[in-house]
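Okay, structure first, notes after.
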Amino acid sequence: MHEVNNLLLLLVILLNFFTLGSARLGACIRAVAIQGAILSFLPVTVHGVNPHALFLSAGALALKGLFIPWLLFRAIREVRIRREVEPLIGYVPTLLLGALTTAGSFIFSDFLPLVEEHHGTLFIPTALATLFTGFLLLITRRKAITQVLGYLMLENGIFVFGILLSAAMPLMVEAGVLLDLLVAIFVMGIVLNHINREFSTLNTERLSALRE
């Protein structure tokens, strides 16, 4: 199964680069949705077919691959935006930063004291690279929806870490993590609605104009 897991994780890394280099919000949402769907298979491929792994896979697929992307597509239809305009850092520099952080993730993971079964797998470098990709989206994009995608990718990186520990984690804790993600998306949806209603734009720099 190591080969299957590494292939899935490699696809996750490629989707990281696609999201960093794309200006089209619809394409970015689809990429994050596909990434979430890919991650939903990992609990089964890592821990085998059992009720615990199946529940975690089904929950991740429903939230990461279907429900949250549907909410985001609905949001961009309502606010009528299609592209990320004038990011704080250009797409090429962002891709270069993404490449550097990904390479650094692979180098750093080699120095970690991992158990034998995790040596030769891409779990740790993929988790770190996805965390950094989400952080880059959060700090380099102006549109609040793109920043939501950054948050989702940040959580995807945490999810990859969690898969390695899911056998030892209580089921309710894992369900709570997914519910926290769902609540965060609802909160961001409320923020998007208020920003667009007050300023007719989703540029988060306009938040500096808010006064008590």
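Pairs please, first residue from segment 45-64 and among the β-branched types (Val, Ile, Thr), second anywhere and part of a helix (DSSP H, G or I), Cβ atoms under 8 Å, 6+ apart in sequence or on different chains.
Qualifying pairs under 8 Å: Thr45/Val4; Thr45/Asn5; Thr45/Leu8; Val46/Asn5; Val46/Ala53; Val46/Ile163; Val46/Leu164.
Of a type outside the set (Val, Ile, Thr), in a helix (DSSP H, G or I) and closer than 19 Å to Ala127 by Cβ, is that true of Ala37? Before you say what the answer is, go through the steps one by one.
Values: of a type outside the set (Val, Ile, Thr): yes; in a helix (DSSP H, G or I): yes; closer than 19 Å to Ala127 by Cβ: yes.
In short, yes.
Scan segment 15-48 for residues that are among the small types (Gly, Ala, Ser) and buried (at least 17 other Cβ atoms within 10 Å of the Cβ) and report the count. Explain how you work it out, then say what you get.
Narrowing segment 15-48 to residues among the small types (Gly, Ala, Ser): 21-23, 26-27, 31, 33, 36-37, 40, 48.
Still in the running and buried (at least 17 other Cβ atoms within 10 Å of the Cβ): 22, 31, 33, 36, 40.
Residues flagged as among the small types (Gly, Ala, Ser) and buried (at least 17 other Cβ atoms within 10 Å of the Cβ) within segment 15-48 amount to 5.
Evaluate the following for Ala103: is it within 15 Å of the chain's Cα centre (by Cα) and without any contact (Cβ under 8 Å) to a residue 12 or more places away in the chain?
Details: within 15 Å of the chain's Cα centre (by Cα): no; without any contact (Cβ under 8 Å) to a residue 12 or more places away in the chain: yes.
No.
A short reminder: the numbers here are calculations on the coordinates, not readings from a lab. Everything numeric in this text was worked out from a predicted model, so none of it was measured. We place every Cβ from the backbone using ideal geometry, glycine too, and count neighbours over all the protein chains shown.
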